[in-house]
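The values are calculated or read from the model by the stated rules, or taken from the named source; none is laboratory data. Remember, it's a predicted structure, so these values are computed and weren't measured experimentally. All Cβ positions, even for glycine, are placed from backbone atoms using ideal geometry, and neighbour counts span all protein chains on display.
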There are 2 protein chains.
Amino acid sequence: MTSRHTRRDVVEAAGRLFAQKGYHGTSMRDLGRELGLLGSSLYAHISSKEDLLVEVVDRGAAEFQEAAQKALATPGSAVDRLRALVAGHVGVVLDHMDEVRTFLNEARALDGGHRERVLAARDRYEQAFRRVLAEGVEEGSFRADLDPKLTAIFVLSILNALDRWYRPGGPLDADGLVDALMEFVLSGILAGRRE
Amino acid sequence: MTSRHTRRDVVEAAGRLFAQKGYHGTSMRDLGRELGLLGSSLYAHISSKEDLLVEVVDRGAAEFQEAAQKALATPGSAVDRLRALVAGHVGVVLDHMDEVRTFLNEARALDGGHRERVLAARDRYEQAFRRVLAEGVEEGSFRADLDPKLTAIFVLSILNALDRWYRPGGPLDADGLVDALMEFVLSGILAGRRE
DNA sequence: CCTACCGATCGGTAGG
DNA sequence: CCTACCGATCGGTAGG
């Protein structure tokens with residue numbers, strides 16, 4: 001056997017530590033220790049610490065983008081597509097927590113060009129929500145006075161905070177979480193609006 | 001004149017840089033440059049970098065706590081108190097953006113004891129929201145099946161993301177923001193629920 | 001993947 | 001608040 005770790009192992013471990021302690025809070029020696037080797041040995045697999053961050057963040061971005069594309073292809077009403085977007089987001093958070101947290105919190109550690117690419121990816125993702133919200137207004141499902149841009153921000157604010165509190169295996173499973181999210185977003189909290 | 005900067009100046013500048021680049025992304029020399037002096041000169045005002053973080057974070061926590069206490073004292077219905085909590089939060093974000101961002105994002109850089117204190121402060125603040133939501137259920141303003149704990153998380157998720165996108169001086173002023181937040185939280189986005 | 005390093009930068013101190 | 005440092009740690013490289 002030649003080497004016991006693949007480049008992929010290194011990127012995954014980096015995601016774990018960047019998510020936990022931040023990019024600047026993680027040293028290459030920390031990362032080596034996580035994998036059971038020396039910091040300097042990592043350079044057999046990668047060429048710089050910043051490259052690692054770029055790769056982790058890009059994976060997060062790609063997962064969200066893919067989930068959004070699938071959700072937008074959901075047939076039915078705008079409500080159905082919004083639910084698909086929310087369920088897709090929950091799925092990405094559960095399956096790729098570390099990349100998601102790094103994508104959301106560590107973009108500022110990237111240099112200008114890479115940071116702009118990440119912000120552009122976030123904006124594209126947000127557009128998927130805006131589009132579905134606007135469709136819902138057109139078809140009459142959502143309030144006529146709804147501001148798709150502002151509302152997309154509100155919905156995404158809730159979704160982007162999931163990694164801060166939601167723990168799989170707790171009392172609320174993924175389906176229950178999606179239901180609770182949709183009820184809150186669709187109907188709010190006031191009583192006496194169903195009868 | 002003896003010194004041109006007060007301890008307070010140092011703490012404020014630290015808040016600015018910690019909010020912008022993170023605790024680990026800010027060096028004492030960066031902080032000195034921000035104030036026009038050398039990194040080593042800062043130690044005439046403070047005793048360690050970590051102390052600075054503790055002080056910035058504590059200020060953020062105190063602002064939120066104070067705002068919550070005032071809001072809870074608002075007479076009227078639970079809806080009125082919820083609006084007061086939301087308006088108070090918006091006020092704190094607008095007036096103390098740097099401390100807020102440091103409080104929300106840099107707590108993990110604190111050592112165990114200090115970090116626990118911050119998490120306890122966040123929990124107390126969240127409790128204020130839970131209490132008002134539970135009151136609203138009891139008085140019949142909010143849905144009977146509402147989960148105050150989960151709903152508090154949703155509302156605070158939206159509020160805690162404000163610093164990521166809201167810019168004073170833009171098209172939406174603070175009052176308009178509070179109105180939009182309350183409409184979203186109270187009524188959701190579905191059409192045909194008012195008539 | 002390790003050994004043996006490199007120059008740069010880190011938080012912080014002594015003394016004025 | 002500066003000068004002149006300190007030991008520790010940083011990201012990274014050469015050579016095997």
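Below is a table of values for the structure above.
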{"read-out": "Checking residue B:55 against (1) farther than 20 Å from residue B:162 by Cβ; (2) more than 14 Å from chain A (Cβ to nearest Cβ); (3) more than 14 Å from DNA strand C (Cβ to nearest atom), the condition it does not meet", "value": "(3)"}
{"read-out": "Which listed residue is surrounded by 15 or more Cβ atoms within 10 Å (Cβ to Cβ), away from DNA strand D (no atom under 16 Å from the Cβ) and under 14 Å from residue B:8 (Cα atoms), from B:81, B:59", "value": "B:59"}
{"read-out": "Counted residues, the stretch B:17-50 - those being within 14 Å of chain A (Cβ to nearest Cβ) and away from DNA strand C (no atom under 13 Å from the Cβ)", "value": "2"}
{"read-out": "Verdict on residue B:86 being farther than 25 Å from residue A:111 by Cβ and within 14 Å of chain A (Cβ to nearest Cβ)", "value": "yes"}
{"read-out": "Cross-chain or 6+ apart pairs with Cβ under 8 Å, the stretch A:27-42 first and closer than 14 Å to residue A:15 by Cα and among the hydrophobic types (A, V, I, L, M, F, W, C), then part of a helix (DSSP H, G or I) and within 7 Å of DNA strand C (Cβ to nearest atom)", "value": "A:28/A:40"}
{"read-out": "Selected residue [assigned to a helix (DSSP H, G or I), away from DNA strand D (no atom under 13 Å from the Cβ) and crowded, with 18+ Cβ neighbours inside 10 Å] from B:13, B:67", "value": "B:67"}
{"read-out": "Of residues in the stretch A:147-182 being surrounded by 16 or more Cβ atoms within 10 Å (Cβ to Cβ) and of a type in the set (D, E, K, R), the one nearest to the other protein chains (Cβ to nearest Cβ)", "value": "A:147"}
{"read-out": "Residue within the stretch B:34-50 that is modelled with pLDDT of 95 or more and within 29 Å of residue B:87 (Cα to Cα) present", "value": "no"}
{"read-out": "Matching residues in the stretch B:93-144 - criterion: being of a type in the set (Phe, Trp, Tyr) and under 30 Å from residue A:18 (Cβ atoms)", "value": "B:103, B:125"}
{"read-out": "Selection from the stretch B:124-146 of residues that are among the polar types (S, T, N, Q) and within 10 Å of chain A (Cβ to nearest Cβ)", "value": "B:141"}
{"read-out": "Residue among A:140, A:113, A:192, A:169 that alone is in a helix (DSSP H, G or I) and not hydroxyl-bearing (Ser, Thr, Tyr)", "value": "A:113"}
{"read-out": "Selection count, the stretch A:23-44, where residues are within 11 Å of DNA strand D (Cβ to nearest atom) and under 23 Å from residue A:107 (Cβ atoms)", "value": "9"}
{"read-out": "Residue within the stretch B:82-96 that is farther than 18 Å from residue B:158 by Cβ and not acidic (Asp, Glu) present", "value": "yes"}
{"read-out": "Residue in the stretch B:100-111 that is more than 7 Å from chain A (Cβ to nearest Cβ) and modelled with pLDDT under 95 present", "value": "yes"}
{"read-out": "Residue among B:167, B:122, B:143 that alone is over 18 Å from residue A:162 (Cα atoms) and within 20 Å of the chain's Cα centre (by Cα)", "value": "B:167"}
{"read-out": "Complete set of residues in the stretch B:12-68 that are within 24 Å of residue A:20 (Cβ to Cβ) and acidic (Asp, Glu)", "value": "B:30, B:50, B:51, B:58"}
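Residue-by-condition table, conditions (1) of a type in the set (A, V, I, L, M); (2) part of a helix (DSSP H, G or I):
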site: B:9; (1), (2): no, yes
site: B:18; (1), (2): no, yes
site: B:24; (1), (2): no, no
site: B:32; (1), (2): no, yes
site: B:41; (1), (2): no, yes
site: B:52; (1), (2): yes, yes
site: B:84; (1), (2): yes, yes
site: B:90; (1), (2): yes, yes
